[in-house]
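Here, each number is a calculation from the coordinates, and none is a lab measurement. Keep in mind that this is a model prediction, so the values were computed, not measured. Cβ atoms come from the backbone with ideal geometry, glycine included; neighbour counts cover every protein chain shown.
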Amino acid sequence: MLTDQTIAGCHINGAGVISPQKTYDNRDFLSELTHYDDNILTCILPNFKDYLNPFQMRRLSRMLRMGLSAATICLREAGLKKPDAIITATGFGFQWDMGKFLTEILEQQEQQLTPTYFMQSTHNALSGLIALFFKCMGYNSTYTSRGFAFETALHDALLLLQEKEAQHVLVGSFDEVYHVQYTDYIRLGYIKREKTNNFRVFQAETEGALQGEGMAFFIMSDQPKPQSWCRLKNLHMVYRPSDYAGLATELIEFLRGNGLAPGDVDVLVNGVSGDIVRDRWNLDLQNNYFDHATAVRFKHLTGEYDTASSFGLWLGAKILKTQIVPQAVLASPVSTHGPLKTALFCNHYLGKYYSFFLLTRE
Amino acid sequence: MNRRVFITGYGVITAIGGNGPENFASLRDRKCGYGRLEFLETRYQDDIYCCEIKLSDEALCRRAGVPTGCGFTRTTLLGLIAIREAIASAGLTDREVRNAGLVSATTAGGIRELEKNFFERQDLQSSGDFLAFMDTVDPGEHMERLAAILGMKRYLATVSTACSSSANALLFGARLLKTGLADCMICGGAEALAKITINGFNALMILDREHCKPFDQNRCGLNLGEGAAYLVLEAEESLKRSGKKAIAELTGYANFNDAFHQTASSPEGAGALKAMRKTLNMAGINPSDVDYINAHGTGTENNDLSEGLALETLFGVNVPPFSSTKPYTGHTTSAAGSVEAAFCLMAFENDVIYPNINFKQPMEELNIRPTTALKTNAGLKNILTNSLGFGGSTTSLLFAKC
Amino acid sequence: MQTQTIEELIPQLKEQILERLVIEGMDPEELDEDMPLFGEVTGLDSIDALELVVMLEKCYGIKITDAKVARKILMTVRTIAEYVYEHREI
């Protein structure tokens, strides 16, 4: 699978992230950490009243409140009143609202149903709500390509910038913990059965990840600003590589197409999830090509979900912006000395969806 | 970056036909798919009629060439049938399919199947046939199934923007094609009827208990339908290599947001107006060059007023012939954009303009009215199609005959 | 069936409206019974109207199936109270 090598890339000028760690305050960088013992990691929420009044919040689900808040945090950070375009991504959408509506249908024999649940369960409800909130009539879309949903959204945003259809694109992803999906995933071995403390997930050496959720918004712009986080130079997706060698070749070719070799990477953000079976190739890439770099990982902090790569993007970008590598994410001792200029994020989702993001900072 | 985008094939299945020719015959003969539900259980079976495809899931499995009991959702089955027809109609080889990109749209995905065993699925201890449908709820799942059967890995994406989903899939696919990512993109969408959809639209009070009447003064809602359609988009170089002739070229497209309300369109149709205007600008044509408009025309009070006003503002009183084909197929939600795009291609092939069925009384607010007769030898060169969705989504596509 | 007067229904409806629409942090007394519910001040929309239709069925057994009829009844808290007084089934 190829992504266009002529994409010009973009500048990340703001972010707003709500996750199972305290990340909604951009001034902070993982200084307060939360432990989870039951394999389910749920978001630490900001005070919604900082972003919405009672009438604006009415009937809004938790996810929609989170979405409006994260988008507001992001736009404030970027110094923008509204974006030119809005693109969102999700794997499972608004599961709680879908489930509530379905429960009413089944328990109330299809009578006296709550229209709000249906309306808020459609996957583009958030991108529509943000457009309404900020009065943005520009391009608006939502992608649900499972482990590539966020990547598709990023790709579309890069295209919009390249087509000069927008100067600032708000790109965001969201996924929430939901017991029906979670139960399916335990059955399939994607989520661990054994209760594992999240800070021990990489030592557990068992199949399956932890169930997570999160929301992440970014402003992607065609021009840098003084407060720019970094540049997203390019991205690449590989679906079901036939073998490790094939995956490694895709990675090397991706770097080469961007004028780089593995040795040029200062920081490797590794999307390993603690799933001993499916992490294999990501660990091999790290060991075979990046033992010179500072390696970090994050799915012990967030759990695993379709759009977790958005947190990886945030982590890589924040490391480059602050030049700080938080202790909580280190996967290996800090190796890089001197300024951190190039970060590579290698993600996998369920060992099926592999993606690479290349981030740079001058 | 200015590659042209050609359509070389399409496939479609709806309540009015299992493939392109059957659909066209129904459109020509004014045969609608509106009727009582047979394959979906709901308390509203005698009350809310829909445009259901009169094939059981087992029959769809046979038509799609896949075994039953393997967790193929009805949405995926419809998609598979339509995409296979599209591939055959474009004459793509297996190798060309494997090298193509896929942008597919759905929103309901496997919810229809979830509805049957929602409570048992939540219990880790329970088991049964429903386990075959584990992990099939989300929209992206159908994309994986189609990709697996067709051997596609190059580029995969799923769009879920409710009623404009498959129009947005076509738009995104066209833009991807222009980057040189691939020489061929297969784009479209699929959606099966589900209890959640029927009840959702019913709770929003936008269903007509009778056959819908788009653009009519006495319209009172939409009818739901199900279906799937895919278009094969190819680059010029690909056509030169194969010597194939294209049916049409996608010369213009645009996506805007109404930013007015979560489910309703703005009264003056601002988003739709912007989308149509930009689409024509992109194609480099004037409103007077448009020969036919396949409207979104759901039959709801809100949509038809909003879209109608937008049409009148852009085209004036001399609006080209326009019609909604939703009385035939129902509103196929996520599949509507690509189903109606396929109808536009059929219109070119047969040089026909479809009638807006059930229209009797013009809307008070509009000076324009839809076309009610089937027009043959229509001399079609440019066709515009609109898809407007929940969340304020407004997308327009313009096709030029080749 | 309860026999409340319109004046008794008004404060009860205010609470039910705020609850159904999940408007948190607002005292029911702050809601003026003669203020247009769907006007500029509150910004309630057509979905809120549908939610109130469901609430009226659940709490008072009143079935409203026509969106146009619903709009007339839901103009203010007082017009709702008057309709409930006349048409309640429970």
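Its Cα centre serving as origin, region B:314-402 has a Cβ charge dipole (Lys and Arg +1, Asp and Glu -1) of approximately 120 debye. Going from the residue with the fewest nearby Cβ atoms within 10 Å to the one with the most, A:VAL269, A:VAL334 rank A:VAL334, A:VAL269.
Test of understanding: ordering A:GLU194, C:GLU33, B:GLU120 by Cβ neighbours within 10 Å, fewest first, what list do you get? Write down the numbers at each step before the final one.
Details: A:GLU194 9, C:GLU33 18, B:GLU120 13.
Neighbour counts put them in this order, fewest first: A:GLU194, B:GLU120, C:GLU33.
Summarising the strand pairing of chain B, around 70 percent of its internal DSSP beta bridges are antiparallel. Sorted from greatest to least, the principal axis extents spanned by the alpha carbons of region A:207-319 come out as 43, 34, 26 Å.
Per DSSP helix of 4 or more residues, -39500 (n - 2.57); summed, then divided by the residues of chain A. What does that give at 222 nm, rounded to the nearest 500?
Details: 12 runs with 118 residues, N = 362.
When only DSSP H runs of four or more count, the value is -9500 deg cm²/dmol.
Hey, got the dipole for the protein assembly as shown? About the Cα centre, +1 on K and R Cβ, -1 on D and E Cβ, debye to the nearest 20?
It works out to roughly 2420 debye.
In plain terms, the residue of A:PHE202, A:PHE217 with the fewest other Cβ atoms within 10 Å comes first and the most crowded comes last, giving A:PHE202, A:PHE217.
With both residues required to sit in the protein assembly as shown, DSSP beta bridges show an antiparallel share near 65%.
When the helices of chain C are scored as -39500 (n - 2.57) per DSSP H run of n ≥ 4 and the total is divided over every residue, the value at 222 nm lands at -16500 deg cm²/dmol.
Filter B:LYS360/C:LYS68; A:LYS49/A:LYS195; B:LYS326/C:LYS58; B:LYS245/B:LYS375; A:LYS100/B:LYS213; A:LYS135/C:LYS68 down to the pairs with a C-alpha to C-alpha distance above 30 Å, please. Beyond 30 Å between Cα atoms: A:LYS49/A:LYS195; B:LYS326/C:LYS58; A:LYS100/B:LYS213. Across the alpha-carbon set of region A:52-115, the Rg to Rh ratio works out to 1.10, Rh being the Kirkwood radius. Bridges between two residues of region A:10-221, per DSSP, are antiparallel at a rate of about 60%. Within a straight-line Cα-Cα reach of under 22 Å, A:LYS192 can be paired with the following lysines, leaving aside sequence neighbours fewer than 8 residues apart in one chain: A:LYS299, A:LYS352.
Expressed in Å, the radius of gyration and Dmax of the Cα atoms of region C:6-87 are 11.5, 32. Ellipticity at 222 nm from helices only: DSSP H runs of n ≥ 4 in chain B, each -39500 (n - 2.57), divided by the residue count, give -10000 deg cm²/dmol. When chain C is treated as a GNM with alpha-carbon contacts under 10 Å, the residue of C:MET75, C:MET35, C:MET55 showing the greatest mean-square fluctuation is C:MET35.
Mind running the shape call on region B:5-242? Use the C-alpha gyration tensor, a ≥ b ≥ c as the square roots of the eigenvalues: rounded below 1.5 for a/c, prolate if a/b tops b/c, oblate otherwise. Because a/c hits 1.5 or more and a/b fails to exceed b/c, region B:5-242 counts as oblate.
Here r is the Cβ-Cβ distance between A:SER332 and B:ARG98 and R0 is 51 Å; the resulting FRET efficiency, rounded to 0.05, is 0.85. Which shape class applies to the protein assembly as shown: rounded if a/c is under 1.5, otherwise prolate when a/b exceeds b/c and oblate if not, where a ≥ b ≥ c are the square roots of the Cα gyration tensor eigenvalues? Verdict is oblate for the protein assembly as shown.
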